[in-house]
1. Of all residues in the stretch 49-96, count the ones that are at pLDDT below 90 and in contact with a Lys or Arg (Cβ under 7 Å, 6 or more places away or on another chain).
2. Before we move on, is Ala118 more than 29 Å from Ala48 (Cα to Cα) and assigned to a strand (DSSP E or B)?
3. So Asp98 clears everything in (1) over 12 Å from the mean Cα position of the chain (by Cα); (2) within 22 Å of Ser31 (Cβ to Cβ); (3) assigned to a strand (DSSP E or B) except one condition, right? Which one?
4. Quick check: is even one residue across the stretch 35-52 under 30 Å from Asp113 (Cα atoms), part of a strand (DSSP E or B) and either of a type in the set (A, V, I, L, M) or open to solvent by 80 Å² or more (accessible area, probe 1.4 Å) (or both)?
5. Does any residue in the stretch 27-51 that is basic (Lys, Arg) come within less than 7 Å, Cβ to Cβ, of a residue that is not in a strand (DSSP E or B) six or more places away or on a different chain, and which pairs are these?
6. Which condition number does Ser138 fail, the rest of (1) among the polar types (S, T, N, Q); (2) exposed (fewer than 12 other Cβ atoms within 10 Å of the Cβ); (3) at pLDDT 90 or above being met?
7. Checking the condition surrounded by fewer than 16 Cβ atoms within 10 Å (Cβ to Cβ) and among the acidic types (Asp, Glu), which residue from Asp150, Asp113, Asp82, Asp131 passes?
8. Which members of the stretch 53-79 meet the condition of being of a type in the set (Lys, Arg) and open to solvent by 50 Å² or more (accessible area, probe 1.4 Å)?
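The values are calculated or read from the model by the stated rules, or taken from the named source; none is laboratory data. Remember, predicted model here, so these are calculated numbers, not experimental data. Don't worry about glycine lacking a Cβ; one is built from the backbone with ideal geometry, like all the others, and counts go over all protein chains shown. Areas reflect the complete protein model, heavy atoms only, side chains present, ligands, DNA and RNA absent. Shrake-Rupley method; radii C 1.70, N 1.55, O 1.52, S 1.80 Å.
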Amino acid sequence: MSAAAAPRRIVTGHDDRGRSVVLSDGPAPVSRTVTDDGTAFHEIWSTAGAPAPIPAAEERDPTQRPLRVPPEPEGTVIRVVDIPAGGRSPMHRTESVDYGVVLDGELHLVLDDGSATALAPGDIVVQRGTDHAWENRSGGPARMAFILVDGRFADSLKTRLAEAVALYDHEVGPA
């Protein structure tokens with residue numbers, strides 16, 4: 001696995017007669033190295049609402065937007081993240097439900113309680129608005145796929161969180 005190689009993305013749609021067609025087939029259109037250690041985000045797709053509108057073809061690729069960690073309100077994001085050996089994300093929390101699938105390499109899920117859970121290829125993490133970081137303690141690169149779904153903290157959770165809990169909701173990496 002090359003940490004710099006963008007994953008292949010195939011997008012389907014419809015032709016003028018309503019038949020299913022492949023609209024594009026190629027590398028993820030947006031790949032950005034977002035940290036000094038070489039962690040790279042590969043934007044695969046995103047939606048900006050639920051239910052997501054499905055036109056015959058997109059007016060513009062939905063990945064052509066500022067790179068933010070959480071999805072748009074009521075939206076989704078699927079991305080692939082490459083974390084080099086020794087790389088670590090910042091500790092962060094988003095108001096979303098994120099499904100993370102380890103594709104290659106080894107990572108640790110680090111939580112604000114100090115725990116670190118070792119992850120291997122095929123492991124799936126269901127991230128539910130917790131403060132966390134991803135850390136590659138191995139000697140090789142790691143790749144993880146994320147599907148992020150916009151969420152809202154329930155009142156029962158809000159009463160447990162600090163009043164001014166910090167959410168990670170800003171652009172990351174150079175454009």
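1. Adding up the residues that qualify gives 2.
2. yes
3. (1)
4. yes
5. Arg32/Leu67; Arg32/Gly173; Arg32/Pro174
6. Every listed condition holds for Ser138 apart from (2).
7. Exactly one of Asp150, Asp113, Asp82, Asp131 is surrounded by fewer than 16 Cβ atoms within 10 Å (Cβ to Cβ) and among the acidic types (Asp, Glu), namely Asp113.
8. If the condition is that a residue be of a type in the set (Lys, Arg) and open to solvent by 50 Å² or more (accessible area, probe 1.4 Å), then Arg60 is the only one that fits.
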